[in-house]
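Accompanying notes for the structure given below.
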Amino acid sequence: MNSTSKPPLLRVDGLRTVFALPDGREVAAVSDVSLALNAGETLGLVGESGSGKSVTALSILRLVMPPGRIAAGRIHFDGQDILALDEAALRTIRGRKIGFIFQEPMVALNPVYTIGQQIAETLAVHRIARGAAARAKAIQWLEAARVPDAARRATEYPHQLSGGLRQRAMIALALCAEPSLVIADEPTTALDVTVQAEILDLLRELRASLGLALLLITHDLGVVAEMADRVAVMYGGRIVEDGPVGDVFRTPAHPYTQGLLACLPGTSDGRRLTVIPGTVPSLGQFPAGCAFAPRCPHRLGACDVAPPATTSIGADRRVRCVLHESATGVTS
Amino acid sequence: MTPLLRVSHLVKEFGGSGWLRQRTTVRAVNDVSFDVRAGETFGLVGESGCGKTTTGRCILRLIEPTSGEVTFKGTNLATLNSHDLRLARRDLQIVFQDPYSSLNPRMRVGAIVEEPLIIHKIGNKSERATRVAELFTLVGLDPAHGSKFPHEFSGGQRQRIGLARALALNPSLIIADEPVSALDVSVQAQVVNLLQELQARLGLTYLFIAHDLRLVRQVCDRVAVMYRGRIVEVAPADELFLDPAHAYTQALLSAVPRVDPADRTVRVVFDHEAYQAEPLREISPGHLAALR
Ligand SMILES: Nc1ncnc2c1ncn2[C@@H]1O[C@H](COP(=O)(O)OP(=O)(O)OP(=O)(O)O)[C@@H](O)[C@H]1O
Ligand SMILES: Nc1ncnc2c1ncn2[C@@H]1O[C@H](COP(=O)(O)OP(=O)(O)OP(=O)(O)O)[C@@H](O)[C@H]1O
Ligand code: SF4
Ligand SMILES: [Mg+2]
Ligand SMILES: [Mg+2]
């Protein structure tokens, strides 16, 4: 999968995560997802609402709760088999080796502790520092996350902070144990563009100074283009295309990627926007073949038979579409 | 030519009462003035909390403005009594951002679209049914789905239902408050195109409230940028995007993430501390900016 001989920091193979519906049927929210992320690299995971981005992230952290479960696949992180670890071992990975940032900071931040206490607590739990040393370090991390007047802010509760400051506090919390991988699920979606730009600058800067690998989940193709080295596009629980971000956005191979790029405002002449007809089906409503078939302008008979396999199309690029299946060898 | 809608020195203060009023009021809308011409799409952009929604609601008098005038087709809406205001509102409609919460979940969608006709006592039962079917078709929905409930529709479909309801009384102006912000990009494009088709077909005028600057550039004729309750710049859409004059507009535009590396610009950082409110003045024909 990767040309380098060193194994990737994170490697997901054939991940399948299912949810039990009220009627007992199990449906896959994530199917056959494979991805790899090298140390220091940023992978953007994009796709519309319900495509399976968050479920993929939660699966990597083994945080999928019933009625959901990981039904198949392997997840290797830093030489460890995540799916084989016990809860105690998982806890040392979560927060310590893999930091996470969520879209809604109020969910991740505990409302009854000051943000300084929360960072100090994380440092203590992971035996990095305790007591006064941990409190001092907490302030340093808030400063690193460019929280102005950090010493005072450390004594405030999450609800006392603006959205942008809360997101910075969460970044400080995610990074304070110096993880090697950060999973950021829509870290800026709830923010205004100018605040988003500041947070993205901050992530870039910290990524460089700490040598972080970043799994950046978003539905904003502009954010991915500006932040990521590689991009994986999800639709209907599957990665339909992945590769270096510049190559994929310049010459998208999958009809869905092509459609997504074409319907962005500012890409078509005149006032009309290019559309992808139809809507994303809900979980359990996807067709048997290619999930995108009902909306695809290139649909063929073969598209409805079975989900297309992943085909390699040149340097570090893969696509799942029958139009490309004959091109090179099928890789999975 | 008199504009279809003229907003002059609109002010809306929230909060505060009695002797504490001075201290606790928030000026959500502060001396806002602009004109919307018949047939155009006028964009109102700015970041969260800058006063866009409040401006839209004051225009419709869904909330009472603190001061200022709103003149629609030559009539000052602020002075209308409730009967005349109701009549005026037939001509002025609003579509909300959230297609999930803006439709009554316990009403069938056909009844939701019919409701304004009943309120304004238009037509008998069968005439209204015909009109509802016509409206469904107009927004690209199957009239047979009128007996379903809102939760049975996708976000884009619900936004179409909201639009059908807004169109029921044949308005000339629609205030669209973030009509596609909650939708996925592929569906957003469908709804935006529908809005434009309806505009061409029915001669509608839109006040289009949004925070997605890329979208605003694509759909609007003219755009006003709001910052902390005030308008800091108004210009034809292309001119605003190519040649922004106010430092805040420049900062806002430069913060938009670009898919194509060739479109990237140097980030302009706006100094919120140093911001000084200035009156709008014309810096070139049709281009106003709040600059000294
Ligand atoms: N706890 C759950 N129970 C049942 N279904 C779930 C659960 N969590 C997620 N799903 C379903 O799994 C699918 C994938 O959801 P996921 O949250 O991963 O989407 P996403 O790509 O992150 O979307 P968004 O952009 O809206 O965050 C969706 O159809 C969702 O409804
Ligand atoms: N009913 C209210 N009572 C008190 N304050 C209010 C009320 N409605 C709005 N505000 C305040 O007025 C200001 C402007 O709010 P408004 O909703 O108009 O902003 P907006 O530009 O529409 O923002 P968004 O992009 O988040 O929708 C905000 O500071 C808001 O908190
Ligand atoms: S497999 Fe067929 S339906 Fe699916 S994207 Fe490719 S051409 Fe379209
Ligand atoms: Mg998600
Ligand atoms: Mg609003």
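Points worth noting:
- For the protein assembly as shown, the Cβ-based charge dipole about the Cα centre amounts to some 1060 debye (Lys, Arg positive; Asp, Glu negative; other atoms uncharged).
- Cβ-defined net charge surrounding A:GLY44, 9 Å radius [Lys, Arg +1; Asp, Glu -1]: 0
- Gain upon complete extension [B:ASP238, B:LEU85; 0.36 nm per residue less C-alpha separation]: 51.5 nm
- The simple spin-label model puts a point 7 Å past each Cα toward its Cβ; for B:HIS272 and A:ARG152 those points are separated by 1.4 nm.
- Values of log10 I(q)/I(0), in the order q = 0.12 Å⁻¹, for the protein assembly as shown under a Debye, Cα-only, solvent-free model: -1.36
- Stretchable slack from A:ASP304 to A:ALA133, in nm (0.36 nm times residue separation minus alpha-carbon distance): 55.5 nm
- Qualifying lysines (Cα of each under 19 Å from Cα of B:LYS12; at least 8 residues distant if same chain): B:LYS52
- Cut-off 12 Å between beta-carbons: net charge of the residues surrounding B:TYR227, Lys and Arg +1, Asp and Glu -1: -1
- With each label modelled as a point 7 angstrom along the Cα→C-beta vector, the B:VAL11-A:ALA288 pair spans 7.0 nm.
- Placing R0 at 25 angstrom, the Cβ-Cβ distance between B:GLU134 and B:MET107 gives a FRET efficiency of 0.80 after rounding to 0.05.
- In summary, the lysines within cross-link reach of A:LYS6, defined as a Cα separation below 24 angstrom excluding same-chain residues under 8 places away, comprise A:LYS97.
- Percentage relative contact order, the stretch A:204-271, counting C-alpha pairs under 8 Å, at least six apart: 18
- The alpha carbon centroids of the stretch B:210-259 and the stretch B:101-165 are separated by 34 Å.
- Chain A: C-alpha pair distances exceeding 27 Å, %: 47
- Principal semi-axes in Å for the stretch A:1-103 [√(5λ), Cα gyration tensor, largest first]: 23, 16, 14
- Hull volume per residue, based on the alpha-carbon atoms of chain B and their convex hull, is 152 Å³.
- The stretch A:180-240: proportion of alpha-carbon pairs further apart than 19 angstrom, %: 29
- Here the Kirkwood formula, the inverse mean of 1/r across different C-alpha pairs, assigns the stretch A:112-239 a hydrodynamic radius of 15.4 Å.
- Near B:THR66: Cβ cut-off under 9 Å, other residues only, Lys/Arg at +1 and Asp/Glu at -1. The net charge is 0.
- Angle of helix B:155-167 to the longest C-alpha principal axis of chain B, folded into 0 to 90 degrees and rounded to 10: 80°.
- Equivalent ellipsoid dimensions for the stretch B:117-238 as semi-axes, Å, which come from the Cα gyration tensor, largest first: 29, 17, 13
Values in this text are rule-based calculations from the coordinates and carry no lab data. This structure is a prediction, so every number in the text was calculated from the model and none was measured. Cβ atoms come from the backbone with ideal geometry, glycine included; neighbour counts cover every protein chain shown.
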